[in-house]
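Comments concern the structure below.
The values are calculated or read from the model by the stated rules, or taken from the named source; none is laboratory data. Owing to the predicted nature of the structure, the values given are computational and were not obtained by experimental measurement. Here the Cβ positions follow ideal geometry from the backbone for every residue, glycine too, while neighbour counts run over all protein chains shown. In case anyone asks, the SASA skips ligands and DNA or RNA and just uses the protein heavy atoms, side chains included. Shrake-Rupley method; radii C 1.70, N 1.55, O 1.52, S 1.80 Å.
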Amino acid sequence: MSRSPWADTGLFLREFVRDPLHTAALAPSSPALAAAMTASLPGTGAPVVVELGPGTGAFTRVIQERTGGRARHIAVELNPGWAQLLAQRYPQVEVVLADARELPALLADRGIAAVDAIVSGLPWVAYSPGPHARGLHAVITEALAARGVFTQFAYTWTRWSPPARRQLADLRAHFADVVISRPVWRNLPPAVVYEARQPQRRRGD
């Protein structure tokens with residue numbers, strides 16, 4: 001299915017107006033940000049890669065390119081329209097219409113014990129504790145393999161706000177190694193990438 005960047009931007013604008021809390025961007029992520037978000041994907045073997053909040057597929061396409069079709073690629077999207085669009089564009093990707101907090105159950109249903117990489121396009125609001133008081137970082141650490149990697153981006157102009165600082169602190173509480181990239185200026189708006197490794201499974205999560 002052909003894709004138009006301008007058409008995708010229109011989709012984002014409509015979704016942002018409809019639900020700004022869950023669509024925290026005015027446009028799809030740029031190729032530069034997609035490259036930074038996927039740079040840590042395993043370069044060999046057949047990794048299991050989970051994508052959270054893929055939207056219209058800005059990261060999806062690059063994940064497919066970087067893994068050369070070797071990966072088992074599961075994309076978890078809450079928006080029904082975007083999930084349908086993504087399935088049409090990338091039939092080789094397992095698109096799942098679900099909340100990211102359901103990830104452990106989704107993986108168990110597919111016989112997957114652990115994943116090698118999780119790439120998240122979700123806004124920070126998605127990481128707040130859910131109905132069972134579990135934050136999304138706890139769910140992610142449960143799903144990742146011991147040597148797995150998790151990447152998340154944040155816009156430079158919001159990363160110092162209190163909610164973003166709380167979520168970064170929570171990320172560091174769940175991962176022993178968190179590296180923040182230099183700003184990716186070729187994105188609207190500019191962003192940084194958090195690369196987290198060594199998941200820490202904490203009691204009480």
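Note down all Cβ pairs under 7 Å where the first residue falls in the stretch 135-157 and is farther than 28 Å from Pro189 by Cα and open to solvent by 10 Å² or more (accessible area, probe 1.4 Å), the second is part of a strand (DSSP E or B) and among the acidic types (Asp, Glu), and they're at least six residues apart or on different chains.
As it stands, the answer is Ala145/Asp116, since those pairs meet every condition given.
Being in contact (Cβ under 8 Å) with a residue 60 or more places away in the chain and among the β-branched types (Val, Ile, Thr) is the filter; apply it to the stretch 170-202 and report the residue that is farthest from Val125 (Cα to Cα).
Val184
Would you please name the residue that is surrounded by the fewest Cβ atoms within 10 Å (Cβ to Cβ), looking only at residues in the stretch 34-51 that are more than 20 Å from Glu102 (Cα to Cα) and within 12 Å of the chain's Cα centre (by Cα)? Working first, answer last.
As a first pass, look at the stretch 34-51 and keep what is more than 20 Å from Glu102 (Cα to Cα): 34-47.
Those still in the list that are within 12 Å of the chain's Cα centre (by Cα) too: 34, 37-38.
Details: Ala34: 25, Met37: 27, Thr38: 23.
Looking at the filtered set, the residue picked out is Thr38.
Test of understanding: among Pro131, Pro199, Pro183, which residue is touching a Leu at 6+ places or on another chain (Cβ under 7 Å) and either modelled with pLDDT of 95 or more or open to solvent by 30 Å² or more (accessible area, probe 1.4 Å) (or both)? Before you say what the answer is, go through the steps one by one.
Details: Pro131 fails: touching a Leu at 6+ places or on another chain (Cβ under 7 Å); Pro183 fails: touching a Leu at 6+ places or on another chain (Cβ under 7 Å).
Criteria check complete, one pass: Pro199.
Scan the stretch 158-177 for residues that are under 16 Å from Ala191 (Cα atoms) and either under 16 Å from the mean Cα position of the chain (by Cα) or open to solvent by less than 20 Å² (accessible area, probe 1.4 Å) (or both) and report the count.
Total meeting the criteria: 3.
Within the stretch 52-75, take every residue that is out of contact with any Ser or Thr (no Cβ under 6 Å at 6 or more places or on another chain) and farther than 16 Å from Arg89 by Cβ and give me the one that is surrounded by the most Cβ atoms within 10 Å (Cβ to Cβ).
This residue is Ala71.
Is it the case that Gly55 is assigned to a loop (DSSP other than H, G, I, E, B), without any contact (Cβ under 8 Å) to a residue 24 or more places away in the chain and either closer than 17 Å to Val119 by Cα or in contact with a strand residue (DSSP E or B) (Cβ under 7 Å, 6 or more places away or on another chain) (or both)?
For Gly55, the condition - assigned to a loop (DSSP other than H, G, I, E, B), without any contact (Cβ under 8 Å) to a residue 24 or more places away in the chain and either closer than 17 Å to Val119 by Cα or in contact with a strand residue (DSSP E or B) (Cβ under 7 Å, 6 or more places away or on another chain) (or both) - is not met.
Taking the stretch 76-93 as the search range and keeping residues that are open to solvent by less than 60 Å² (accessible area, probe 1.4 Å) and outside any helix (DSSP H, G or I), which one is modelled with the lowest pLDDT?
Across the stretch 76-93, the extreme among qualifying residues is Asn79.
Is it the case that some residue within the stretch 152-163 is modelled with pLDDT of 95 or more and either part of a loop (DSSP other than H, G, I, E, B) or farther than 20 Å from Gly55 by Cβ (or both)?
No, the stretch 152-163 has no match at all.
Which one of Leu136, Leu103, Leu97 is closer than 19 Å to Val193 by Cα and either within 15 Å of the chain's Cα centre (by Cα) or of a type in the set (Phe, Trp, Tyr) (or both)?
Leu136
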